[in-house]
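S.K.: Following this message is one structure expressed as structure tokens.
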Amino acid sequence: MNRQVVAEGIAAAVLITGIAWGARLGWREYQTRLLPYTRVVPTLTPTPYVDPTAAREEGRRLRLVLDHIGAGIALRPVNPRAAADEFMQALALDPGNYEARQNLIEMGIQPPPGPAITPTLPRPTPLPTVTPRARR
């Protein structure tokens, strides 16, 4: 073989290897830095910030209300007066609690004045500021 043909073959092999190496590095860069940004869609709604301490205290208060209601329901057939006291304690913690008010009314006891007797609806889920895009 001619030396020139060998040199051209080596040059072609080096060129192909360089292109393949560059493509591999480019693909890695795309996957690690650019692709995560393509999977989210920014929105204009702000993300609500909930104070963790306040949320914890609210959870404790609601748990205590549920404990009083549960105790009242359990005591209702055995000791109606103690059950009424449990429902009243639940209303002292959460004056608008529908279940405690309804149980007192069913027992024939007028609940203390408070908000209207309507069941509380769950709060709507806030929209996220970043919506994940489905993978293709």
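Computed from the coordinates by the stated procedures, all read-outs in this text should not be read as laboratory data. If you're wondering where the values come from, they're calculated on a predicted model, not measured in any experiment. Cβ sites come from the backbone with ideal geometry, for glycine too, and all protein chains shown count toward neighbours.
S.K.: Please compute the net charge surrounding R101, taking Lys and Arg as +1 and Asp and Glu as -1 over other residues with Cβ under 14 Å from its Cβ. Numbers along the way, then the final one.
M.R.: Details: positive: none; negative: E86, D94, E99, E106.
Summing Lys/Arg as +1 and Asp/Glu as -1 gives -4.
S.K.: Here is a further query. Would you tally the net charge around R76, using a Cβ to Cβ cut-off of less than 14 Å, leaving R76 out, and scoring K and R as +1, D and E as -1?
M.R.: Local charge sum for R76: -3.
S.K.: What full-extension length gain, to one decimal in nm, is calculated for T32 and R63 as 0.36 nm per residue of separation minus the Cα-Cα distance? List each step's numbers first, then the result.
M.R.: Values: separation 31, 0.36 × 31 = 11.16 nm, distance 4.40 nm.
Roughly 6.8 nm would be gained on extension.
S.K.: Given the C-alpha atoms of region 52-106, compute the convex hull and give its volume per residue in Å³. Please list the in-between numbers first.
M.R.: Numbers: hull volume 3.3 nm³, N = 55.
So the per-residue Cα hull volume is 59 Å³.
S.K.: Now a separate question. From Cα coordinates alone, what are the radius of gyration and Dmax values for region 5-107 in angstrom?
M.R.: In order Rg, Dmax, the Cα atoms of region 5-107 give 33.7, 105 Å.
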